[in-house]
Amino acid sequence: MNHFPWLTIIVLFPISAGLVIPFLPSTGNKIIRWYTLGVCLLEFLLITYIFCYHYQFNDHLIQLKEDYNWISFINFHWRLGIDGFSIGLILLTGFITTLATLAAWPVTRNPRLFYFLMLAMYSGQIGLFASQDILLFFFMWELELLPVYLLLAMWGGKRRLYAATKFILYTAAGSLFIFNRGGLIMAFYNSNESTFDFQLLINKTYPLELEIIVYLSFLIAYAVKLPIIPFHTWLPDTHGEAHYSTCMLLAGILLKMGAYGLIRINMELLPHAHSFFCSMVSNFRSNSNSLCSFNFSKSAQLKKKNCLFFSITYGICSYRNWINYKFRPKWCYFTNDFTWFNWCFTFFLAGISYDRTRTLVLDQMGGIGTSMPKIFTLFSSCSMASLALPGMSGFIAELMIFFRSN
């Protein structure tokens, strides 16, 4: 058990700092922007310090454990811990949230609420990746839904209310399956009192029929978040209407929460059902790639085209995670962090292109090679990196697939 609450600090610091925003001087927006950016930078530096000096990379077990009794009546514990699987995602969250804060610099309407919601999302995302309790996992999963809804509904495009409503209906409905159908069954099955601890649940055994029911319940929730056919229709609308800083958080972090839950809970806690369904999940992911490829050629809106393109590459990344997690789990997500950074950066480029052209329709934008040569060069670089061109970030991760799948 860790004696100093490092993980509690990095989980609670962003949202606690966000509570100070209403008390900042109201003269202009610069103070609020610089304050939020300073909080994000300090949080990222703190995360980096913890993992450099307090995390043992040669230890494959859960580290920096914290366990505090929160609500005794339902045996709800504030239980945190990290391993090689979650460390990359927490670092990625800190890095991308800092970049998204910079991307949100042009926001002028109600900046206090905007930046507070970003910091609340920051805490929820880190808390989810550090959770070692299924009830706390669900709590953190829900914590990021409301900020995303408000960011969409208040700072989105012309159809922002439609996209925000669609997002909240899909994701909230999927979330019910995590707790009502999955978590409660696992917590109360074959025991006198409830237990939500991952380390205790991993040692439980269930009848295969019950394990399949629980597995499918979790799978529905993660299929919405990933997304997988037929729960995917919210994604193009959400990315198409969201502010590009929100798109960066959606593409770089929120979609990975589904993949993280699929591996952390379904694969680790329900291994027998997972062996039964793993080929089906892979086929669904392949079908999603095919559908996205078909729609990609028909889309004329830049952000939606980005969304569809990276949905295709996300299917490849899912397979890459599968291989890396099977053979070397500690580095599972490190191999993909640069790929996910490419996604976020491409949405950022789409956003600044819109700021200059005031349109996202490709036919209306025309060629940007002559009018915006720097943005064109960055777009081309990200595209080549996504293709895993030798010498670029994606090539290393793709190369590891060939070495480890033999």
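Key figures
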quantity	calculated
Estimated FRET transfer efficiency (W70, I396; beta-carbon r; R0 45 Å; 0.05)	0.65
Across K30/K256; K225/K374; K65/K204; K30/K158, pairs whose alpha-carbon gap is larger than 30 Å	K30/K256; K225/K374
V214 - accessible surface, heavy atoms, 1.4 Å probe, Å² rounded to 10	0
Whole-angstrom gap from the range 1-39 to the range 75-153, using each part's C-alpha centre	13
Contour minus Cα-Cα distance for T108 and S191 (0.36 nm per residue)	24.5 nm
Residue order for R112, R160 - accessible surface, 1.4 angstrom probe, largest first	R160, R112
Exposure ranking of T93, T8, T377 by accessible area [1.4 Å probe, largest first]	T377, T8, T93
Accessible-area order (highest first, 1.4 angstrom probe) of the listed residues S175, S16	S16, S175
Shape category assigned to the range 47-200 from the gyration tensor of Cα positions, a/c cut at 1.5	oblate
Length gained when the stretch Q199-L387 is fully extended (0.36 nm per residue, less Cα-Cα span)	63.8 nm
Chain lengthening between W34 and A172 when straightened (0.36 nm per residue, less Cα-Cα)	46.4 nm
Backbone N within the range 227-242 under 19 Å of label point (7 Å from Q364 Cα along the Cβ vector)	237-242
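The values are calculated or read from the model by the stated rules, or taken from the named source; none is laboratory data. Keep in mind that what you see is a predicted model, and the values were worked out from it rather than measured. With ideal geometry, Cβ positions are generated from the backbone for all residues, glycine too; neighbour counts draw on all protein chains shown. Heads up: the accessible areas ignore ligands, DNA and RNA and are worked out on the full protein's heavy atoms, side chains in. Shrake-Rupley method; radii C 1.70, N 1.55, O 1.52, S 1.80 Å.
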